[in-house]
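Contents: one structure, followed by commentary.
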Amino acid sequence: MKPSRLQSVVPAAPADTDGMSLPAWIYRDAEFFEREQQAIFRSSWQLVCHLSDVALPGDFHTFEFGGESVVVLRAEDGAVRAFHNVCRHRASRLLDGPRGHCGRRITCPYHAWTYALDGRLVAVPRRDSFSGLDKARHGLEPLEHELFMGFVFVRFAPGLPSVGEMAAPYVHELAPYRMEELVPLGRVTLRPRAVNWKNVADNYSDGLHINVAHPGLTRLFGKGYGIEAQPWIDKMWGTLRDTPPANWSERLYQRLLPPLTALPPERQRLWTYFRLRASGLAPRDARRALSELAHQPARQSGGQGADRAGAGGYGLEQLHLRTLERRGGMPAQFRAAHARPDSGKRPAAGSGARVEPWVTPRSAAMR
């Protein structure tokens with residue numbers, strides 16, 4: 001094992017950690033980042049897609065994370081399954097692209113080993129040359145996954161509670177948004193960002209910067225933006241004010257935000273975020289735990305990685321269509337993509353409407 005290059009840090013007493021940051025080197029050390037990936041991220045739940053993204057048998061959605069490639073797909077029996085996106089023969093990538101439709105079989109592009117949608121190995125060219133091959137033992141490697149309110153989560157190692165257990169304190173708040181019925185309003189994009197994940201996590205636990213760094217939000221919500229932390233999940237919220245701001249796009253947002261009949265009155269103008277944590281620790285306890293992680297024997301050294309930011313939107317389909325019609329009609333491509341929803345046919349690639357941010361149906365966002 002390669003000797004560790006990690007620096008030694010004397011742990012602070014619990015009472016001394018309040019209001020303190022982590023040592024600066026922890027934010028930029030490549031070896032420490034590698035250990036974070038092993039100790040924190042492999043056992044944390046990762047959001048891959050919504051059930052509507054894999055609506056029909058053969059629909060798939062891929063996910064790249066920490067050097068791993070994952071595929072979530074809809075099998076012929078209607079079940080959603082998650083596998084490592086590699087062939088069991090020579091570890092070739094099986095399905096390319098962020099999403100698509102693979103038909104009834106998955107065939108490796110390298111040696112044409114073929115798998116059923118439930119992961120079974122069903123065909124091997126030149127089968128006689130593989131003495132002793134047990135096809136039952138060489139199906140696709142499954143990955144633990146969980147369905148929660150219509151979203152598909154995966155993880156690479158056990159350790160944390162289920163997504164349902166983690167989100168339990170706010171299930172009653174999430175339920176009125178009918179997340180199981182959501183449909184995509186556009187593609188989900190993942191973009192590399194030269195930021196550190198700890199800076200992002202710190203930012204989402206900090207409400208003090210809103211009035212300074214987000215003047216538009218402050219004009220829309222006033223100074224009532226709130227943050228609340230539960231053991232495994234955080235909530236952030238703000239209530240839209242009725243006072244018209246000076247900015248024209250913010251006035252349009254106030255005026256065009258559509259009503260949701262399923263929501264109670266107090267949530268009609270409420271902007272809400274929910275964020276699952278990679279640990280059940282309060283921010284200052286998490287800082288202490290990361291400091292202690294620096295003292296454990298290193299497993300291996302590794303390169304620094306770039307964080308990725310994901311963006312996408314989902315909404316209630318019928319509400320979305322009514323909103324488009326109210327603004328002057330539905331584009332022809334969007335009408336075609338949503339015609340005959342019971343036909344079982346998928347819309348052509350690239351079909352769909354461009355949706356301005358201020359008319360996107362509101363829903364609680366899982367982060």
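Please treat every number below as a calculation from the coordinates, not as lab data. All of these numbers come straight from a predicted model, not from anything done at the bench. Note that each Cβ is placed from the backbone with ideal geometry, even for glycine, and that neighbours are counted across all protein chains shown.
Numbers below:
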item: Cα→Cβ-extended label distance, 7 Å offset, between ASP128 and SER92, nm; result: 2.3 nm
item: Modelled FRET efficiency - R0 30 Å, ALA213 with LEU263, Cβ distances, 0.05 increments; result: 0.55
item: Alpha-carbon centroid distance for the pair the range 198-253 / the range 62-134, whole angstrom; result: 43 Å
item: Spacing of the two label points (7 Å from each Cα toward its C-beta) at PHE41 and VAL195, in nm; result: 1.5 nm
item: Burial ranking of peptide ranges 246-252, 140-146, 36-42 (average Cβ count within 10 Å, highest at the top); result: 36-42, 140-146, 246-252
item: The range 170-215: trypsin sites (Lys or Arg not before Pro) in DSSP coil with no more than 16 other Cβ atoms inside 10 Å; result: ARG178, ARG187
item: For the range 32-38, 3J(HN,Hα) per residue [Karplus equation, 6.51 cos²θ - 1.76 cosθ + 1.60, θ = phi - 60°, Hz, x = Gly/Pro]; result: 5, 4, 4, 6, 4, 4, 6
item: Difference of contour (0.36 nm per residue) and Cα-Cα distance, ARG275 to ARG120; result: 52.3 nm
item: FRET efficiency, TYR204 to GLU76 (Cβ-Cβ, R0 25 Å, nearest 0.05); result: 0.05
item: Rounded, prolate or oblate (a/c below 1.5 giving rounded, otherwise prolate when a/b exceeds b/c) for the range 46-154 by Cα gyration tensor; result: prolate
item: Ratio of the Cα radius of gyration of the range 99-207 to 2.2 N^0.38 Å, where N counts its residues; result: 1.56
item: Cα-projected label distance for ILE227 with HIS101, points at 7 Å along beta-carbon direction, nm; result: 4.4 nm
